[in-house]
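Student: Got a structure here, written out as structure tokens. Questions coming.
Laboratory data are not the source of any read-out in this text; all were calculated from the coordinates shown. No experiment lies behind these values; they were computed from the predicted model shown. Cβ: placed from backbone, ideal geometry, glycine included. Neighbour counts: every protein chain shown.
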């Protein structure tokens with residue numbers, strides 16, 4: 001193979017010595033300087049990976065280094081001797097624009113697919129492995145904090161509360177999934193029609209939601225939705241998925257630095273997407289449960305539509321579609337058929 | 001000491017001595033970055049250690065002095081080991097904060113006593129994997145030294161309500177620089193404490209001025225707005241002052257960049273201009289205007305291209321920094337001698353490297 005020109009550094013001083021190096025077909029590396037020469041087996045030297053046109057380094061066992069700008073002859077010699085490495089391919093890809101641009105497309109597709117399907121699948125498996133005790137530990141103090149900052153005690157008549165609690169018990173008793181279900185009533189002031197579930201199994205219902213419902217079936221539908229969250233272990237899965245996204249974001253965007261505020265927004269967008277997937281799952285659980293218990297699933301739709309009206313000041317549903325991707329809940333128009341006339345009875 | 005050898009000065013460089021040169025190129029680095037990013041994504045982040053090595057080798061290898069490029073010798077496996085350990089520690093910490101917040105408190109002393117250790121290990125690793133003409137850099141700082149410089153002097157700055165912060169910055173910079181060597185030759189920080197006080201106070205002064213202007217301007221505009229609109233409604237006042245608020249927002253944004261650029265320029269010049277290596281000297285002459293312009297256009301470029309401008313941004317910044325530096329040798333550059341450094345165990349060093357400790361040098 002054609003000898004390559006370069007410089008030799010003995011590793012003891014910064015002095016440079018002009019030298020010529022050749023890699024023979026016999027697997028020997030010969031280096032020749034002014035009045036000296038060395039010959040060693042290829043296995044005894046370490047040749048650095050190629051990167052762009054950065055000088056190539058051939059390192060000898062004693063720490064001496066030969067450095068050359070002639071990358072191509074070195075590659076040819078190594079390939080000729082069957083010394084093909086992965087970074088040889090990487091260096092080739094890095095030289096070609098079409099491959100670089102294809103990489104860009106693949107990064108976007110692979111990241112999207114992983115975030116959309118990979119992370120939720122991993123989180124589901126991980127949640128299955130973790131015992132329900134873990135759910136109880138998440139936000140164990142959540143309700144106390146909300147009570148201190150946001151909620152007032154419920155003003156519903158005790159009999160009404162007892163009746164709803166009895167129905168809730170009847171709903172949850174047959175589930176036997178290891179969660180300690182409990183129904184709590186709170187008042188949240190005007191515009192406070194809401195219901196939510198804590199991972200520990202506590203479902204909170206506000207007086208305002210109870211007042212908004214026209215029939216008990218509508219409240220039952222909401223409770224079924226919240227039970228769907230607990231049973232699906234959405235709290236735990238959300239934590240696991242957020243952790244997964246953080247790790248991925250760190251790996252992919254880590255070296256972008258803090259300069260890109262856009263990069264910082266991405267985990268929030270993904271969080272919203274995952275949260276919406278959980279809402280859909282809880283909706284499906286609720287509708288399925290209602291059908292199985294001979295309750296018209298449209299009572300769920302009716303309740304959602306009324307909640308949406310309350311939020312948007314009475315001008316109907318779906319007005320938040322523009323900010324679809326930012327919302328933690330799917331638009332009401334996708335979740336319920338609001339055009340349906342009130343359930344006839 | 002000031003006996004610089006006459007050398008042909010590069011036409012572009014406004015700095016005396018032999019110029020440091022950079023051949024880094026945005027398009028070339030974009031291809032390296034994006035290909036390695038793809039490999040990182042499809043290996044779920046594991047390849048990122050090798051991606052980091054390729055990036056660093058590219059930047060070292062395109063930076064040269066006296067016709068010889070610098071070299072980075074770290075390996076992907078070294079970086080990966082450090083990252084795995086660091087990842088394990090962070091995972092334990094975040095699990096504890098989630099499930100047992102009280103237990104997570106034990107991380108406070110661990111952080112306190114661990115930080116100096118991480119700093120020493122990271123700096124040692126970074127220096128030992130850097131070389132020029134096959135002579136390596138090294139770091140000789142001790143744990144006690146790092147504890148004093150980073151924690152001890154920090155406490156001094158803290159109890160004086162920040163007044164002595166420049167002293168802390170000077171101490172820790174001196175600790176890092178004076179313990180660094182190239183071969184058998186030590187570096188020595190030349191910048192005086194007074195210089196650190198000067199630029200720190202100027203930067204803080206500009207920052208304070210910006211805060212005062214905002215604090216005065218916004219209420220003033222709101223008052224003017226409500227008077228003009230004959231309305232006492234604060235929302236209406238805010239709306240009528242809207243265009244002015246946008247202008248103030250933009251000016252604040254520019255002012256913050258100016259402060260960052262001013263501080264970076266001053267700090268880097270203080271560290272490198274006059275920096276001694278035995279009888280040799282480093283020169284550095286970063287200009288505020290140019291640095292400010294690069295910062296601003298880099299951020300705008302990144303925002304407009306959703307981050308794809310990153311490789312060009314990084315190359316532009318690096319090229320400007322490298323090309324602002326020069327080296328005034330005292331005699332021949334062939335006679336610097338290597339240090340007989342023992343190849344020490346590197347586990348801790350890799351661990352430090354994983355935290356990407358940035359010394360701002």
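Student: If you average the sequence gap of Cα pairs under 8 Å that are 6 or more apart and divide by the length of region A:94-250, what percent do you get for the contact order? Write down the numbers at each step before the final one.
Tutor: Details: 156 pairs, mean separation 39.7, N = 157.
Taking the mean separation of contacting Cα pairs over the length of region A:94-250, I get 25 percent.
Student: Compute the acute angle (0 to 90°) between the alpha-carbon long axis of helix A:119-129 and the principal axis of greatest extent of the alpha-carbon atoms of chain A; round to the nearest 10°.
Tutor: Computed tilt is about 70 degrees.
Student: Ok, one more. If you bin the C-alpha pair distances of region A:100-237 every 5 Å from 0, what whole percents do you get?
Tutor: Whole-percent P(r) values from 0 Å outward: 2, 9, 16, 18, 16, 12, 9, 7, 5, 3, 2, 1, 0, 0.
Student: In vacuum, with every alpha carbon of the protein assembly as shown counted as one equal point scatterer, what does the Debye formula give for log10 I(q)/I(0) at q = 0.08, 0.12 Å⁻¹? Two decimals, please.
Tutor: -0.84, -1.40
Student: Return B:196, B:253, A:185 ranked ascending by Cβ neighbour count within 10 Å, so the fewest neighbours appear first.
Tutor: With the sparsest Cβ surroundings first, the list reads B:253, A:185, B:196.
Student: Okay, next question. Put a dot 7 Å past each Cα toward the Cβ at residue B:90 and residue A:155; how far apart are the dots in nm?
Tutor: It works out to 4.9 nm between the two label points.
Student: How many Å³ per residue does the convex hull of the Cα positions in region B:264-308 occupy? Before the final figure, lay out each step's value.
Tutor: Values: hull volume 3.4 nm³, N = 45.
In region B:264-308, the Cα hull volume divided by residue count equals 76 Å³.
Student: Same structure, new question: So for chain A, averaging the separation of alpha carbon pairs under 8 Å that are six or more residues apart and normalising by length, what relative contact order in percent results? Please report the intermediate quantities before stating the final value.
Tutor: Numbers: 441 pairs, mean separation 35.9, N = 345.
The normalised contact order for chain A reaches 10 percent.
Student: Can you give the FRET efficiency for residue A:328 and residue B:142, using 1/(1 + (r/R0)^6), R0 = 45 Å, r = Cβ-Cβ distance, to the nearest 0.05? Walk me through the intermediate numbers first.
Tutor: Working: r = 51 Å, r/R0 = 1.14.
E(calc), rounded to 0.05, equals 0.30.
Student: Based on other C-beta atoms within 10 Å, arrange A:119, A:51, A:145 from fewest to most.
Tutor: Details: A:119 21, A:51 25, A:145 11.
Arranged by neighbour count, lowest to highest, A:119, A:51, A:145 become A:145, A:119, A:51.
Student: If you fit an axis through the alpha-carbon atoms of helix A:71-80 and take the longest principal axis of the Cα set of chain A, what angle between them do you get, 0 to 90°, nearest 10?
Tutor: It is inclined by approximately 90 degrees.
Student: Computed over the Cα atoms of region B:159-206, what is the convex hull's projected area averaged over all directions, in nm²? Walk me through the numbers before you get to the answer.
Tutor: On the way: hull surface 15.1 nm².
Seen from a random direction, the Cα hull of region B:159-206 projects 3.8 nm² on average.
Student: Kindly state, as a whole number, the per residue volume in cubic angstrom of the convex hull around the alpha carbon atoms of chain A. Before the final figure, lay out each step's value.
Tutor: Details: hull volume 77.8 nm³, N = 345.
That works out to 225 Å³ per residue.
Student: Hey, another quick one. Divide the volume of the convex hull of the Cα atoms of region B:1-151 by its number of residues and quote the answer in cubic angstrom per residue.
Tutor: 176 Å³
Student: Shifting gears a bit: Pop a pseudo-label 7 angstrom from the Cα along the beta-carbon direction at both residue A:166 and residue A:121 and give the gap in nm to one decimal.
Tutor: Rounded to a tenth, the inter-label distance reads 4.8 nm.
Student: Follow-up question, since we're still on this one. How far is it, in nm, from the label point at residue B:260 to the one at residue B:304 when both lie 7 Å from their Cα along the line to the Cβ?
Tutor: 1.8 nm
Student: Still on this structure, please answer the following. Relative contact order (percent) for region B:99-196, with alpha-carbon contacts under 8 angstrom and 6 or more residues of separation?
Tutor: Working: 99 pairs, mean separation 23.0, N = 98.
Value for region B:99-196: 23 percent.
Student: Please report B:294, A:270 as a ranked list, fewest other C-beta atoms within 10 angstrom at the top and most at the bottom. Mind showing how you got there, number by number?
Tutor: On the way: B:294 17, A:270 22.
Sorted ascending by nearby Cβ count, the order is B:294, A:270.
Student: Let me ask another. State the Cα centre-to-centre distance between region B:140-206 and region A:113-138 in whole Å.
Tutor: Their Cα centres are 46 Å away from one another.
Student: Moving on. Using Cα atoms only, what is the angle between the long axis of helix A:261-292 and the major principal axis of chain A, expressed in degrees (0 to 90) to the nearest 10?
Tutor: Orientation of helix A:261-292: about 40 degrees from the principal axis.
Student: Next question. Between residue B:209 and residue A:20, what FRET efficiency follows from the Cβ-Cβ distance if R0 is 45 Å, with the result rounded to 0.05?
Tutor: Working: r = 63 Å, r/R0 = 1.40.
Step by step, r from the Cβ atoms, then E = 0.10.
Student: Where does the protein assembly as shown land at 222 nm, in deg cm²/dmol rounded to the nearest 500, when only DSSP H runs of n ≥ 4 count, each adding -39500 (n - 2.57), divided by all residues? Write out the running numbers ahead of the final one.
Tutor: Numbers: 26 runs with 384 residues, N = 706.
For the protein assembly as shown, the value works out to -17500 deg cm²/dmol.
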